[in-house]
Every structure is written in structure tokens, then in C-alpha cells.
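The values are calculated or read from the model by the stated rules, or taken from the named source; none is laboratory data. As the structure is a computational prediction, the values presented were derived from the model and not from experiment. Heavy atoms of the whole protein, side chains included, go into the accessibility calculation; ligands, DNA and RNA do not. Shrake-Rupley method; radii C 1.70, N 1.55, O 1.52, S 1.80 Å.
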Amino acid sequence: MQFLYIGAYLCANIFHIYVYFYLFRIFLGESKAKWMEWLGFSLLFIINSATFLLASNPYLNLVSTILPLIAISFLYTTTIFTKILVSVMVVTVSMILDSVSFNIGSIFLFDNMNENQLFTNVTGSFLFFLLAQVIKKIRTPQKNTTLFLSHWFVIVAAPISSIGIITMIF
């Protein structure tokens, strides 16, 4: 059963990483170096999967996701604030969807933690993908707009606060 759990987790995680890639393309455009982009997302998968499977620490898992995503964002030609904002926002949305999946699984479906974790990984990834599809359909490209530093602070503070709250809850 453990081998099945690990295999299912790895499949769900690679799909989840693909959704990060997909959203980066939607919000940040094409990468300056496509091979570096693929290498970055591959390393994100390896680092994130190893952290989850070996450490099973939600704080380390969060760091193993957000720091590589911020590093990968520097392969795109946009402002540093946009890169950080997109990185933090996609992780925040991912965490919220995973939390919703976990709560649905624990309240309505599963008593076993391993089964619920597997349900959370798979369902959260599919919900994340569906949301990415909706975003792609409704997003309209914006012209270069300038925001003041105080506006960026508020925009970035909201998802960071959400990450903190979700992390403290779980």
C-alpha cells in the first residue's frame, strides 16, 4: 500500500507542478530560456517531492515550493514585483484548494489519514488545474501598468497572510 501511495503522490505532484508551469505561462508569458524553465520546474518537482516524502513537514514543504518558484520566475521578463506576486499567489491558491480538499475528505469521506492525504493530493491538483483553465479563459492581457510600492505591499501581503494562516491551522 505504501508504494501505491508514493506513486499516486508523485503523479499528483507532477501534475501540480505542471499547473504551476501553466499559470506562470498565463501570467508571466514566455520564458527567456525554455530549457532553463523546464530544468527549473523539474528541479522543483524533485525538491518538493523529496521534501514531502522524506521530511513530511508542512513548513519545509511550503519553503520547497515557494523558493524554487520565485527562482524560476526570474526566467521571465517582467518586473520583480510581478514575479514575486505570481509566485506567492499560485502557492496561496494551491494551498487553499488543498485545504478545501483535505477538509472535504476528512469530514465526509475518510477516517484513514493516508487515504485522506492521497485524496487531498489528487483532488487538490485537479481543482488547481480546473481553476487554471478558468483563469486562462477569462484573463485578458493588460498593458504595462504601474503600481505604487504601497499598492504592491497590500497585494503581496494578502496572500502571504493567507499562507501564514493556513500553515498555522494545519
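Note that the stretch 44-55 has calculated 3J(HN,Hα) couplings of 4, 4, 5, 5, 5, 5, 4, 4, 5, 6, 8, 9 Hz, one per residue in order, obtained from phi through the Karplus relation 6.51 cos²θ - 1.76 cosθ + 1.60 (θ = phi - 60°); glycine and proline are x. The HN-Hα couplings worked out from phi for the stretch 57-65 by the Karplus form 6.51 cos²θ - 1.76 cosθ + 1.60 (θ = phi - 60°) are 10, x, 5, 5, 5, 4, 5, 6, 9 Hz, whole numbers, x standing for Gly and Pro. Looking at the stretch 1-97, the accessible area is 50 square angstrom per residue; that uses a 1.4 Å probe and ignores ligands, DNA and RNA. Multiplying each eigenvalue of the alpha-carbon gyration tensor of the stretch 1-137 by 5 and taking the square root yields semi-axes of 27, 16, 12 Å, largest first, rounded to whole angstroms.
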